[in-house]
1. Does residue 48 satisfy the condition of being open to solvent by 50 Å² or more (accessible area, probe 1.4 Å) and outside any loop (DSSP other than H, G, I, E, B)?
2. Which numbered condition trips up residue 50, out of (1) in contact with a helix residue (DSSP H, G or I) (Cβ under 9 Å, 6 or more places away or on another chain); (2) under 20 Å from residue 109 (Cβ atoms); (3) without any contact (Cβ under 8 Å) to a residue 40 or more places away in the chain?
3. Restricting attention to the stretch 164-217, which residues are touching a strand residue (DSSP E or B) at 6+ places or on another chain (Cβ under 7 Å), modelled with pLDDT under 90 and hydroxyl-bearing (Ser, Thr, Tyr)?
4. Quickly run through the stretch 99-127 and pick out the residues that are over 22 Å from residue 321 (Cβ atoms) and part of a loop (DSSP other than H, G, I, E, B).
5. Is one or more of the residues making up the stretch 237-251 among the aliphatic types (A, V, I, L, M), closer than 24 Å to residue 306 by Cβ and at pLDDT 70 or above?
6. I'm told residue 317 meets every condition in (1) surrounded by 22 or more Cβ atoms within 10 Å (Cβ to Cβ); (2) more than 29 Å from residue 121 (Cα to Cα); (3) modelled with pLDDT under 90; (4) among the hydrophobic types (A, V, I, L, M, F, W, C) except one. Can you identify the failing condition by its number?
Amino acid sequence: MADRLIVDLTADGRVSVGTWLEGEFPGGAAGEPCGLAWPLDGDALEELRWYLEDYLQAPFGVYEDRGPAAAAMLPGWGEAVFGAVFGSGPARDAYQRMRARPAGLQIVFRSPSAELLGLPWELMRDPAHELPLALDVAGMDRSLPAGELGASFEVAGRRLRVLMVISRPAGTADVGFRMIARPLLERLAAVRGSVDLVVLRPPTLDALADTLAGAQAAGEPFQVVHFDGHGVLAGRRPAGGGAPGMYQGAVPEGVLVFQGPRGDGDSVPASRIAQVLAASQVPVVVLNACQSGAVSKQLEATVATRLLQGGAASVVAMAYSVYAVAAAEFMAAFY
């Protein structure tokens, strides 16, 4: 466990920074809360979204200059975001003390505000370091207030068991079936005998419920459910690899796309998935599904939030539409 730097963001737009050293109880805030002056306007946030989601679809022609220009803006944006939280005073002192410790640093953003929690904090860049903090510290997480989460439960089982749901409803027009699974299996080979990886067939919601319930009844529960497929947040369109014709307009809440009984797409609302996972007490959910971690104006709309409210201890999800090759790289490194 790394040392943690806790960034608390209140609903009225104030920020405070506290510390939590490894093996100790959380410390108090470093100084009084102060107003958060978010430095990026709507145009900058849209340019960031375009660069992450759309640029690689056509990195030539009219976008040949726009893409590199957007990339050149990232360090400056990151330093501005860093300065908004750790620019000076007790918050900056706390950050520097924690960076100097040998245990490693994890930065946790906590807030009941969907607007604040959903900001792209991963842009943060310390001017004294080359890399963004998300790539230069032990971790960067978002956390909901404890009152918003489901009841905790004891994690059962003696071995790590992973149930992988690979959903490809568009068939040959979809992302390759083994795009994520192949590098994942290569990584898990190093811990063969300690980890069980089971691929769910067919990848339907009913099959997921039956398999989880059967494993729990047999005393061999799954501790991780890994969904490899498509997702979308309410009011947002898929980009860079979404299966054609899968989404028609906005959806009322975040969905994951399972396969239906006939192999077609079955867009399942996050609330239904949360019920299935909570019934079998799955503690960790991994979603390499685009926009599954995105946050809209309502925290309840996102898939990740619904799963946390349903009782999952941790959810790994994606805030933007992510290209399949990038998802494959991340998931292999993650495991």
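1. On the way: open to solvent by 50 Å² or more (accessible area, probe 1.4 Å): no; outside any loop (DSSP other than H, G, I, E, B): yes.
When the stated conditions are applied, residue 48 does not pass them.
2. Checking residue 50 against (1) in contact with a helix residue (DSSP H, G or I) (Cβ under 9 Å, 6 or more places away or on another chain); (2) under 20 Å from residue 109 (Cβ atoms); (3) without any contact (Cβ under 8 Å) to a residue 40 or more places away in the chain, the one that fails is (2).
3. Once the filter is applied, which keeps residues that are touching a strand residue (DSSP E or B) at 6+ places or on another chain (Cβ under 7 Å), modelled with pLDDT under 90 and hydroxyl-bearing (Ser, Thr, Tyr), the stretch 164-217 yields 167, 194.
4. Within the stretch 99-127, 101, 102, 103, 104, 111, 112, 113, 125, 126, 127 qualify.
5. Let us first name the residues in the stretch 237-251 that are among the aliphatic types (A, V, I, L, M), namely 239, 243, 246, 250-251.
Checking the rest, the ones that are also closer than 24 Å to residue 306 by Cβ come to 239, 243, 246, 250-251.
Now drop any that are not at pLDDT 70 or above, which leaves none.
No, the stretch 237-251 contains no residue that is among the aliphatic types (A, V, I, L, M), closer than 24 Å to residue 306 by Cβ and at pLDDT 70 or above.
6. Of the numbered conditions (1) surrounded by 22 or more Cβ atoms within 10 Å (Cβ to Cβ); (2) more than 29 Å from residue 121 (Cα to Cα); (3) modelled with pLDDT under 90; (4) among the hydrophobic types (A, V, I, L, M, F, W, C), the odd one out for residue 317 is (2).
Listed here are the residues, each with its yes/no results for (1) in a loop (DSSP other than H, G, I, E, B); (2) hydrophobic (A, V, I, L, M, F, W, C); (3) at pLDDT 90 or above; (4) surrounded by 17 or more Cβ atoms within 10 Å (Cβ to Cβ).
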| site | (1), (2), (3), (4) |
| --- | --- |
| 6 | no, yes, yes, yes |
| 15 | no, yes, yes, yes |
| 19 | no, no, yes, yes |
| 22 | yes, no, no, no |
| 43 | no, no, yes, no |
| 56 | no, yes, no, no |
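Listed here are the residues, each with its yes/no results for (1) touching a residue at least 12 places away in the same chain (Cβ under 8 Å); (2) closer than 23 Å to residue 116 by Cβ; (3) more than 26 Å from the chain's Cα centre (by Cα).
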| site | (1), (2), (3) |
| --- | --- |
| 71 | yes, no, no |
| 76 | no, yes, no |
| 85 | yes, yes, no |
| 98 | yes, yes, no |
| 104 | yes, no, no |
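The values are calculated or read from the model by the stated rules, or taken from the named source; none is laboratory data. Here the structure is a predicted model, which is why all the values come from computation and not from measurement. Cβ coordinates were reconstructed from backbone atoms using ideal geometry, including for glycine residues, and neighbour counts include every protein chain displayed. Protein only, heavy atoms only, side chains kept; ligands, DNA and RNA dropped before computing areas. Shrake-Rupley method; radii C 1.70, N 1.55, O 1.52, S 1.80 Å.
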